[in-house]
1. Determine if region B:168-183 includes at least one residue that is out of contact with any Phe, Trp or Tyr (no Cβ under 7 Å at 6 or more places or on another chain), among the acidic types (Asp, Glu) and closer than 27 Å to B:Gln257 by Cβ.
2. When region B:98-132 is examined, which residues are found to be among the β-branched types (Val, Ile, Thr), under 18 Å from B:Gln257 (Cα atoms) and over 12 Å from the mean Cα position of the chain (by Cα)?
3. Residues of region B:221-244 being within 21 Å of B:Ala259 (Cβ to Cβ) and touching an Asp or Glu at 6+ places or on another chain (Cβ under 8 Å), which ones?
4. Within the bounds of region B:89-104, is there any residue that is over 16 Å from B:Val195 (Cβ atoms) and either touching a helix residue (DSSP H, G or I) at 6+ places or on another chain (Cβ under 9 Å) or surrounded by 17 or more Cβ atoms within 10 Å (Cβ to Cβ) (or both)?
5. Go through (1) surrounded by 14 or more Cβ atoms within 10 Å (Cβ to Cβ); (2) free of Cβ contacts under 8 Å to residues at least 24 places away in the same chain; (3) over 25 Å from the mean Cα position of the chain (by Cα) one by one and return the number of the condition B:Met85 breaks.
6. Here are B:Asp98, B:Asp3: which of them is among the acidic types (Asp, Glu) and free of Cβ contacts under 8 Å to residues at least 40 places away in the same chain?
7. Of everything in region A:1-38, what is in contact with a helix residue (DSSP H, G or I) (Cβ under 8 Å, 6 or more places away or on another chain), within 9 Å of another protein chain (Cβ to nearest Cβ) and surrounded by fewer than 17 Cβ atoms within 10 Å (Cβ to Cβ)? Give them in sequence order.
Amino acid sequence: MDKQEIKRQLDFLGSEPVKEWREKFPEKYEADVARLEAQLEKLEKPVKVELPTEPKVELPTEPKVELPTEPKVELPTEPKVAEKKKSK
Amino acid sequence: MLDLSLKTALVAEKICRVDRSGARYISNPYLTAITATAAAIAGTYTVSTATTTDDKLTVSEQIAAGVHLFEFEETLSRADLFGSMIADLGAEVALLADKYVVNLMTNNAGQTYSTPAGGFTTPGNINQIIGDLSGKVAGFSDAYKGMFLVVENTDVTGFIQAGMSNGFNFADATLNNGFAGVFGGVEVYVVRSGVFATATIGTLSATNSGKRLFGIKEMAATYAAPKGIQYDEKKVTLKTGREISVWANIGAKVWTQKANLLVAITLV
């Protein structure tokens, strides 16, 4: 049911020809009006349109290229030649 | 005969008591409710005054339709236009009479019921709705006449799906043959969309859009149609052919004392 039809029905329920029915069944009248007003409110409530957020494109990170470390070339240490104690 | 437009099914005569006596009024006064009292035996009692209240059905509505059928239309046609026209007009009159009665009954139903969300179109609601509605009239001595439910064609999907998935034999029968028209002991009558209306129908201000009707058959309401549908054909000055008119004088009433045998259902 669209807004125009709901408003037409609400107007009809409040009109003079329906007076006798309203007086005979006040609880039915109130329930009907409440139901239609709830439907109207639902239709009139602004609908939040959520725009789709752009997906974050994560740029691929370049793999860290680890440069091969040059092997430490340990220079051969010259053997320490212990000084010979001078014999007395 | 020509092919005629599709018509909605008629239900009023299946759910009402029908009167064709030709009376303009059907009087049915009722007594004020009387209650008995229980007390320790004493030999005395209290007396209240019995009063009667008038209640009557008045044949107040005239449903009519008319057309003029020119002579050349009838002569140059290969079909029986006159017969087709009478049949079509008669059907339209009957449909509007039916709509009037169904809406009058729903307007004046003594009880109300709101369905679970989704109404009849949700198959899972059907068992609960039928159970709830049966409970509304169970225990009344008039319940032996059997229960009826009037729905619109858009509600049928729920009944078929519920039927196909409920029980074993019942589900098999529904799967093989479709919906048989009885659910939980309730006779379900289907009319087309738009029968339940919020609009003026004759002198009735119907307030029933989005509603359906449940109740005990033939007990709560009477539908009077003296002479049923009548028709007339007449020659009209300055025109060839004939004017055809079809009409029915009808009235309906939900009896005050029996109104609680009817339930107006609000679809949620």
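Since every read-out is calculated from the coordinates, none of them should be taken as a lab result. Remember, it's a predicted structure, so these values are computed and weren't measured experimentally. Because the Cβ atoms are built from the backbone with ideal geometry, glycine has one as well, and the counts that use them run over all protein chains shown.
1. Here is the first cut: in region B:168-183, the ones out of contact with any Phe, Trp or Tyr (no Cβ under 7 Å at 6 or more places or on another chain) are B:168-178, B:180-182.
Then drop every residue that is not among the acidic types (Asp, Glu), which leaves B:172.
The next check asks that each one be closer than 27 Å to B:Gln257 by Cβ; those that pass are none.
The answer is no, given that none of the residues of region B:168-183 is out of contact with any Phe, Trp or Tyr (no Cβ under 7 Å at 6 or more places or on another chain), among the acidic types (Asp, Glu) and closer than 27 Å to B:Gln257 by Cβ.
2. The one that is among the β-branched types (Val, Ile, Thr), under 18 Å from B:Gln257 (Cα atoms) and over 12 Å from the mean Cα position of the chain (by Cα): B:Thr112.
3. As a first pass, look at region B:221-244 and keep what is within 21 Å of B:Ala259 (Cβ to Cβ): B:221-224.
The answer is B:Thr222, B:Tyr223, B:Ala224.
4. So in region B:89-104, the residues over 16 Å from B:Val195 (Cβ atoms) come out as B:89-90.
Keeping just the survivors that are either touching a helix residue (DSSP H, G or I) at 6+ places or on another chain (Cβ under 9 Å) or surrounded by 17 or more Cβ atoms within 10 Å (Cβ to Cβ) (or both) gives B:89-90.
Yes; the residues of region B:89-104 include at least one that is over 16 Å from B:Val195 (Cβ atoms) and either touching a helix residue (DSSP H, G or I) at 6+ places or on another chain (Cβ under 9 Å) or surrounded by 17 or more Cβ atoms within 10 Å (Cβ to Cβ) (or both).
5. So B:Met85 meets the others, but not (2).
6. Working: B:Asp98 fails: free of Cβ contacts under 8 Å to residues at least 40 places away in the same chain.
Step by step, each of B:Asp98, B:Asp3 is checked, and only B:Asp3 is among the acidic types (Asp, Glu) and free of Cβ contacts under 8 Å to residues at least 40 places away in the same chain.
7. Scanning region A:1-38 gives a single hit, A:Met1.
Yes/no matrix, rows are residues, columns are (1) of a type outside the set (A, V, I, L, M, F, W, C); (2) touching a helix residue (DSSP H, G or I) at 6+ places or on another chain (Cβ under 6 Å):
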{"residue": "B:Phe168", "(1), (2)": "no, no"}
{"residue": "B:Val195", "(1), (2)": "no, yes"}
{"residue": "B:Ala199", "(1), (2)": "no, no"}
{"residue": "B:Thr203", "(1), (2)": "yes, no"}
{"residue": "B:Lys235", "(1), (2)": "yes, no"}
{"residue": "B:Thr240", "(1), (2)": "yes, yes"}
